[in-house]
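The values are calculated or read from the model by the stated rules, or taken from the named source; none is laboratory data. All values reported here derive from a predicted model rather than from experimental measurement. Cβ sites come from the backbone with ideal geometry, for glycine too, and all protein chains shown count toward neighbours.
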Amino acid sequence: MPVFDEGKHGGGSGSGNVVTVEVDKDNATDAQLRLARARYSPTLVVGDRTTGCPGGAPFDRVIATCSIRRVPNAWVAQTRPGGIIVAPWGPEYGGEAVVRLTVGGDGTASGRFVGSSAFMRLCQPRSARPSSLEYLSGPWPAGGAKSATSVSPEDLGGWLAMFAVGAQVPGAFPLTERYADGSYTLWLHDTAITSWATADWEPDRAAYEVAQSGPRSLWDEVAAAWRWWDDQDRPGFDRFGLTVTPDGHTVWLDSPDNPVPLRN
């Protein structure tokens, strides 16, 4: 099944004005046969979906049916000013929502998230997610500083909460180690493999043991991000937005003039 569709600009209606890009040759062949049986005839390209289809640009619409962490610059460049990009977007930490971006004439795109989503990630180079053991330098607590927190690991597990935290804490991700008695340890890792943190959840507790080590105090970052979201009355996906420029991405709340704080 094609996972990235582009509506071609200026050619009227009909499937002949659509370009679809699929990275897997077998999937592309199967999709082409099914489309032909349904009497649709889009242009089907086999290749890297992050590069789009330069030969077919400019496009009115770019629609991604795969989750991304970054909107490729090529998608923005190949969409005409005023055109729309719709894509499921999620930060490294987790959580995801569909964003609807309007492309400007200056190589940027901006718009709001319109609702929660959960799509397969785009097949592209991914940051390493090593096991927790690769972060530890010796026996427990492996040089980690211990403390306690009133922020429950349970508060951080929802899809929306993960999105709100991840938008503020780039380059970090969680793993959960569960035990037979129902308790668990929430591990936080950075993608640079320099820092880690743990928070131990047990039922009927108001404080939770934390350990963290490395140049980044990951638990402090994540807890501060969650408190910020809580202080804003836990806004939903529809209050968040995204601005894309050639230099990077900025997540904002309510307005592009109000970027979310970055914690690292």
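For this structure, a couple of remarks:
- Flag if TRP226 is surrounded by fewer than 22 Cβ atoms within 10 Å (Cβ to Cβ) and either without any contact (Cβ under 8 Å) to a residue 40 or more places away in the chain or closer than 17 Å to GLY94 by Cβ (or both): yes
- Test: residue in segment 109-132 that is surrounded by fewer than 15 Cβ atoms within 10 Å (Cβ to Cβ) and β-branched (Val, Ile, Thr): yes
- Filter result for GLY138 (modelled with pLDDT under 95, surrounded by 12 or more Cβ atoms within 10 Å (Cβ to Cβ) and either in a loop (DSSP other than H, G, I, E, B) or assigned by TED's automatic domain parsing to the domain that holds GLY90 (or both)): no
- First in segment 107-123 and part of a loop (DSSP other than H, G, I, E, B), second anywhere and at pLDDT below 90, Cβ under 6 Å, 6 or more apart: PHE119/CYS66; PHE119/SER67; MET120/CYS66; LEU122/CYS66; CYS123/VAL23
- Of the criteria (1) more than 20 Å from VAL71 (Cβ to Cβ); (2) in a loop (DSSP other than H, G, I, E, B); (3) at pLDDT 95 or above, which one LEU262 fails: (1)
Residues checked against (1) closer than 15 Å to GLY95 by Cβ; (2) in contact (Cβ under 8 Å) with a residue 40 or more places away in the chain:
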position: TYR184; (1), (2): no, no
position: THR194; (1), (2): no, no
position: TRP201; (1), (2): no, yes
position: ALA207; (1), (2): no, yes
position: ALA211; (1), (2): no, yes
position: LEU218; (1), (2): no, yes
position: ASP231; (1), (2): no, no
position: GLY236; (1), (2): yes, yes
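Quick grid of which residues meet (1) within 17 Å of the chain's Cα centre (by Cα); (2) in a loop (DSSP other than H, G, I, E, B); (3) not assigned by TED's automatic domain parsing to the domain that holds PRO88:
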| residue | (1), (2), (3) |
| --- | --- |
| ALA206 | no, yes, yes |
| ARG216 | no, yes, yes |
| ARG227 | no, no, yes |
| HIS249 | yes, no, no |
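- Note on segment 18-59: residues that are in contact (Cβ under 8 Å) with a residue 40 or more places away in the chain, in a strand (DSSP E or B) and either farther than 27 Å from VAL103 by Cβ or not β-branched (Val, Ile, Thr) (or both) total 2.
- When each of VAL71, VAL76, VAL62 is tested for being over 30 Å from ASP190 (Cα atoms), of a type outside the set (Gly, Ala, Ser) and either part of a strand (DSSP E or B) or modelled with pLDDT of 90 or more (or both), the lone residue that passes is VAL62.
- Subset of segment 229-247 [farther than 22 Å from VAL76 by Cβ and assigned to a helix (DSSP H, G or I)]: TRP229, ASP230, ASP231, ASP238, ARG239
- Only one of the listed residues (ARG69, ARG61, ARG39) is farther than 17 Å from THR243 by Cβ, out of contact with any helix residue (DSSP H, G or I) (no Cβ under 9 Å at 6 or more places or on another chain) and not aliphatic (A, V, I, L, M). That residue is ARG61.
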